[in-house]
1. Could you give the length gained by full extension between GLN159 and LYS307, i.e. 0.36 nm per residue of separation minus their alpha carbon distance, to one decimal place?
2. Can you work out ³J(HN,Hα) from phi for every residue in the range 251-267, in order, using Karplus 6.51 cos²θ - 1.76 cosθ + 1.60 and θ = phi - 60°, giving whole Hz and x for Gly and Pro?
3. Distance check, please: which entries in LYS267/LYS307; LYS201/LYS274; LYS175/LYS239 exceed 24 angstrom between their Cα atoms?
4. With no solvent and one point per C-alpha, what does the Debye sum give as log10 I(q)/I(0) for the range 237-332 at q = 0.15, 0.24 Å⁻¹?
5. Please sort by residue number the GluC sites (Glu not before Pro) in the range 131-221 whose DSSP state is loop and whose Cβ has at most 10 other Cβ atoms within 10 Å.
6. Sort VAL261, VAL242 by Cβ crowding within 10 Å, fewest neighbours at the top.
7. If eta is 0.692 mPa s and T is 37 °C, what Stokes-Einstein diffusion coefficient results for the range 295-334, Kirkwood Rh from Cα pairs, in µm²/s?
8. Per-residue HN-Hα couplings for the range 196-201, Karplus 6.51 cos²θ - 1.76 cosθ + 1.60 at θ = phi - 60°, whole Hz, x for Gly and Pro?
Amino acid sequence: MDELKAELVSLSHEVSAKNTELESSRKELEEKTKEYTALNEKVQATVSKLSAISSELAAVTAERDKTITALALARSGLDKAEQEITALQATKAKLDSRINELNDAKVSLQKDVDNLNQQTDNLKKGLQFVREGSVVFRAGEVLYTSTLHSSEDTANVQQAFRTIVYNANQGIIQKLGVENKDLDVLWIAKADVDQAMEVIKANQGSDIIVRISSSGNFIYGEPVIGQIQLFPNNIIYAKDSVVYSEVVDVGRETQQTEEAVLAFLQKVNASAVKHGILPDPIQGTVGSMSGSQLYDTINRAKHYGGKVELTATARTDVHTVGPLNIEINVVKVQ
């Protein structure tokens with residue numbers, strides 16, 4: 001019996017110990033459950049927060065991409081705008097330069113007008129007489145022709161050009177019968193003079209023909225407005241070279257012979273012009289022949305009668321500026 005009691009007591013202690021252990025395990029389980037629940041709630045909160053952050057990140061990323069695109073477009077527009085600004089600034093600079101040139105030209109032209117008015121007044125005072133409506137110089141009429149050699153010495157070239165203009169002016173004074181030899185009766189625009197000088201400078205080492213002609217019809221009392229023409233002065237015919245030759249029928253009568261010789265001379269003139277000699281703008285001629293030489297040629301041709309060969313040869317070297325001075329040989333053709 002005692003053994004049974006002892007065993008019961010022992011079992012009772014063991015049960016009590018197990019109960020205590022069970023209670024302890026239950027409490028530990030409750031704590032772990034609470035800890036798990038708290039951790040799970042934390043995980044859920046973190047997941048929710050992560051989802052919100054992910055959504056915000058996607059929205060921000062999309063906004064950033066839009067911003068990058070907009071920035072690229074803005075930079076492209078800025079580059080284009082900068083290019084347009086640069087182009088506009090260049091255009092403005094050109095326009096400013098052109099305005100300055102036009103202002104300078106305006107000042108120069110005004111000086112020319114003032115000078116021309118002054119020349120008009122001086123010329124009217126210096127003329128010995130005035131014949132209303134009488135044309136003194138016709139449009140295109142050569143006032144003066146000379147040659148100059150273009151070289152590196154700009155000062156000498158300019159002086160030579162001024163001398164040509166001066167001589168042209170003196171020739172006009174002489175023709176008009178003006179007593180005051182210091183008058184400027186010839187007017188040439190400064191722009192034309194400057195342009196001519198540029199052409200002359202660009203052809204250094206060359207002989208250049210300077211021809212000053214009347215730009216229009218001018219009557220007594222008006223200043224003469226001249227225009228400048230420049231030509232290279234080359235040798236067209238060497239001395240004794242044939243200018244033109246032709247077999248013609250001069251007939252037996254004086255009138256027929258004269259007509260044949262004059263027609264021949266016209267062909268000589270045309271051939272010389274074709275080869276490069278400058279003709280007179282009004283007359284169209286490149287030279288002249290004395291009356292005695294003409295009649296001598298006619299008489300020799302008439303002496304032979306019928307068909308003769310007329311040959312015009314250059315008496316001297318003939319340049320572009322002319323004049324053409326010829327010798328005419330007459331040979332009977334059998």
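Read the figures in this text as sums done on the coordinates, not as results from a lab. For clarity, every value in this text was computed on a predicted model and none was experimentally measured. Backbone-built Cβ (ideal geometry, glycine too); neighbour counts: all protein chains shown.
1. Difference between extended and current length: 47.8 nm.
2. Coupling constants for the range 251-267: x, 10, 9, 4, 4, 5, 5, 4, 5, 5, 5, 5, 5, 5, 5, 5, 5 Hz.
3. Violating the 24 Å limit, Cα to Cα: LYS201/LYS274; LYS175/LYS239.
4. Debye intensities relative to I(0), on a log10 scale: -0.55, -1.22.
5. GLU132, GLU152, GLU179
6. VAL242, VAL261
7. 289
8. So the J values, rounded to whole Hz, are 4, 5, 5, 5, 5, 5.
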